[in-house]
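What follows is a single structure, written as structure tokens, with notes after it.
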Amino acid sequence: MIAERSFLGVSFARLRGAVVVWLIALTVLGSARDQEIIGDNLQVALPIIALGCEVANGSGVEYFGRYLVMFVGLRTSKVALGDTPINIRPHGGGQGFPSGHTATAAFGAGSLVSTCLKSNPVAQMAAILAAGFTGASRIEARAHDIWQVLAGAIWGLLCNYAFRRAGPGRRAVGAGLRAARRGSGRAARRVAGWLGAGVGALRRRLSGG
């Protein structure tokens, strides 16, 4: 069994966990004593901390791709739902479904839990609580109702886990692209055959004439 790497006698897993907890605590302590502002800052801090972890692991580009899928999905839902009741915020504004703050925080926390903090349950709990606090702060501020927050959390986690390299989302997209490529290849061959037959018929007609 290979021993876990360490730095000055401290395992890298514990060191990473301590850094993440420290950064989350710094975000909270550096915010004004207002739940909404703390939530605003955590929804920025969590995905940035996760990005640092993914870059260190050599998977920063893949992380950015997953984040892009999440962001585009959020914006599409908010715009497409228009003035439907589910998209109306408790304070009366629109574009509330799902909660973008909660989705972003859950996405960052999910990434941390499944990578940098995989062997550190205490730090995992800190990341999960930070994401949960973000969602609760949106309800407290009447920026979202509980269903909008739950939908945001589900969407953020789904984008993190399903669209990883070996995730079901990536496999489904890959299978769809391969099927489309095969279909376009068959269509191109059919068109080429029709064109060839047409040219041949035209030549015969001209030579016969």
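The values are calculated or read from the model by the stated rules, or taken from the named source; none is laboratory data. This structure is a prediction, so every number in the text was calculated from the model and none was measured. Don't worry about glycine lacking a Cβ; one is built from the backbone with ideal geometry, like all the others, and counts go over all protein chains shown.
The selection criterion, being in contact with a helix residue (DSSP H, G or I) (Cβ under 9 Å, 6 or more places away or on another chain), over 16 Å from Ala141 (Cβ atoms) and surrounded by 15 or more Cβ atoms within 10 Å (Cβ to Cβ), does not hold for Glu36.
One residue alone among His101, His91 is modelled with pLDDT under 95 and of a type outside the set (Val, Ile, Thr), and that residue is His91. Contact annotation: residue pairs with Cβ atoms under 7 Å, 6 or more positions apart or on different chains, pairing a residue in the range 14-29 that is assigned by TED's automatic domain parsing to the domain that holds Thr115 with a partner that is of a type in the set (A, V, I, L, M, F, W, C) and not in a helix (DSSP H, G or I), are Leu15/Phe7; Arg16/Cys116; Arg16/Leu117; Gly17/Leu117; Val20/Cys116; Val20/Leu117. Just wondering, is there one or more residues in the range 181-200 that are at pLDDT 65 or above, closer than 16 Å to Phe107 by Cα and surrounded by fewer than 17 Cβ atoms within 10 Å (Cβ to Cβ)? No. Scoring Leu117 on the criteria (1) over 13 Å from the mean Cα position of the chain (by Cα); (2) more than 18 Å from Asn87 (Cα to Cα); (3) assigned to a helix (DSSP H, G or I) leaves a single failure, condition (3). Within the range 117-141, residues that are surrounded by fewer than 18 Cβ atoms within 10 Å (Cβ to Cβ) have Cβ atoms under 6 Å from residues that are assigned to a helix (DSSP H, G or I) in these pairs: Ser119/Ala13; Ile128/Ala109; Glu140/Gln35, counting only partners at least 6 apart in sequence or on another chain.
The set of residues from the range 53-68 being assigned to a helix (DSSP H, G or I) and buried (at least 17 other Cβ atoms within 10 Å of the Cβ) comprises Cys53, Glu54, Tyr63, Arg66, Tyr67.
For first residues located in the range 74-92 and closer than 20 Å to Phe107 by Cβ, partners that are assigned to a loop (DSSP other than H, G, I, E, B) and lie 6+ apart or on another chain with Cβ distances below 6 Å form the pairs Lys78/Gln95. Condition first: surrounded by 19 or more Cβ atoms within 10 Å (Cβ to Cβ) and of a type in the set (Ser, Thr, Tyr). Now tell me which residues in the range 69-112 satisfy that. Result: Ser77, Ser99, Thr102, Thr104, Ser111.
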